[in-house]
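Step one of this worksheet: look at the structure below.
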Amino acid sequence: MANRLPDAVVEAIRVCQVLGIRAGRAPHRIIGIWAVVVEQRVFVRSWSLKPRSWYRTFLEDSRGLIQIGGRELRVRAVSTRSERLKDAVSRAYVEKYHTPGALKFARDLGGAKSRATTTELVPASPRSRTPSR
């Protein structure tokens, strides 16, 4: 589907522990975050809602990129409204990040504050590129 990431990318995200991400189109470093796959779709949540977080950047500029398996792909962040999907994302975090050191954070990502940040990453459309100057 045109609004879904390629299957190979989704599978790489499913098995990786950390996804590289850069929110917005302004140049800055790529950071590592946790990501899960639900229904062959990629979701992320913010654990911290600091003013300069990747999540808040996506609220201002939904374009960004992800880095996985040596590849960089342009993405667009889409807020998730579906309570059913939010429930599934909460379960996916606990299932994927289940080690004793990670489980507390995975459970925290299911709390109301983080749950409200549930974001799907979809391919950025080609026409959304920033024009060259």
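The values are calculated or read from the model by the stated rules, or taken from the named source; none is laboratory data. Please read these numbers as outputs of a predicted model, since none were measured by experiment. Cβ: placed from backbone, ideal geometry, glycine included. Neighbour counts: every protein chain shown.
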>> Please go through the range 57-75 and give me each residue that is under 23 Å from Ala8 (Cα atoms) and either among the aliphatic types (A, V, I, L, M) or surrounded by fewer than 18 Cβ atoms within 10 Å (Cβ to Cβ) (or both), ordered by number.
In response: Leu65, Ile66, Gln67, Ile68, Gly69, Gly70, Arg71, Glu72, Leu73, Arg74, Val75
>> Just to be sure before I move on: is Val18 modelled with pLDDT of 95 or more, farther than 15 Å from Ala92 by Cβ and surrounded by fewer than 19 Cβ atoms within 10 Å (Cβ to Cβ) in the structure I sent?
In response: yes
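Take Tyr93 and tell me if it is over 14 Å from the mean Cα position of the chain (by Cα) and buried (at least 16 other Cβ atoms within 10 Å of the Cβ). Talk me through it step by step, then tell me what you get.
Details: over 14 Å from the mean Cα position of the chain (by Cα): no; buried (at least 16 other Cβ atoms within 10 Å of the Cβ): yes.
No, not satisfied.
State whether one or more residues within the range 65-77 are assigned to a loop (DSSP other than H, G, I, E, B), of a type in the set (D, E, K, R) and out of contact with any Phe, Trp or Tyr (no Cβ under 8 Å at 6 or more places or on another chain).
For the range 65-77, residues assigned to a loop (DSSP other than H, G, I, E, B), of a type in the set (D, E, K, R) and out of contact with any Phe, Trp or Tyr (no Cβ under 8 Å at 6 or more places or on another chain): absent.
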> Taking the range 47-56 on its own, how many of its residues are surrounded by fewer than 19 Cβ atoms within 10 Å (Cβ to Cβ) and either in a helix (DSSP H, G or I) or modelled with pLDDT of 95 or more (or both)?
Replying inline: 1
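Going by the structure shown, is Arg41 over 13 Å from the mean Cα position of the chain (by Cα), in contact (Cβ under 8 Å) with a residue 40 or more places away in the chain and surrounded by 16 or more Cβ atoms within 10 Å (Cβ to Cβ)? Talk me through it step by step, then tell me what you get.
Working: over 13 Å from the mean Cα position of the chain (by Cα): no; in contact (Cβ under 8 Å) with a residue 40 or more places away in the chain: yes; surrounded by 16 or more Cβ atoms within 10 Å (Cβ to Cβ): yes.
Considered against the rule, which asks whether it is over 13 Å from the mean Cα position of the chain (by Cα), in contact (Cβ under 8 Å) with a residue 40 or more places away in the chain and surrounded by 16 or more Cβ atoms within 10 Å (Cβ to Cβ), Arg41 comes out as no.
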> Gln17 versus (1) within 21 Å of Arg107 (Cα to Cα); (2) not in a loop (DSSP other than H, G, I, E, B): which is the lone unmet condition?
Replying inline: (2)
>> Looking at the structure I just gave you, is Arg81 without any contact (Cβ under 8 Å) to a residue 40 or more places away in the chain, part of a loop (DSSP other than H, G, I, E, B) and out of contact with any helix residue (DSSP H, G or I) (no Cβ under 6 Å at 6 or more places or on another chain)?
In response: yes
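Would you pick out the residues in the range 13-28 that are under 19 Å from Arg76 (Cβ atoms), in contact (Cβ under 8 Å) with a residue 12 or more places away in the chain and not basic (Lys, Arg)? I'd like the intermediate steps shown before the answer.
Initial filter on the range 13-28 (under 19 Å from Arg76 (Cβ atoms)): 13, 19-28.
From what's left, in contact (Cβ under 8 Å) with a residue 12 or more places away in the chain: 13, 19-26.
Across the range 13-28, the qualifying residues are Ile13, Leu19, Gly20, Ile21, Ala23, Gly24, Ala26.
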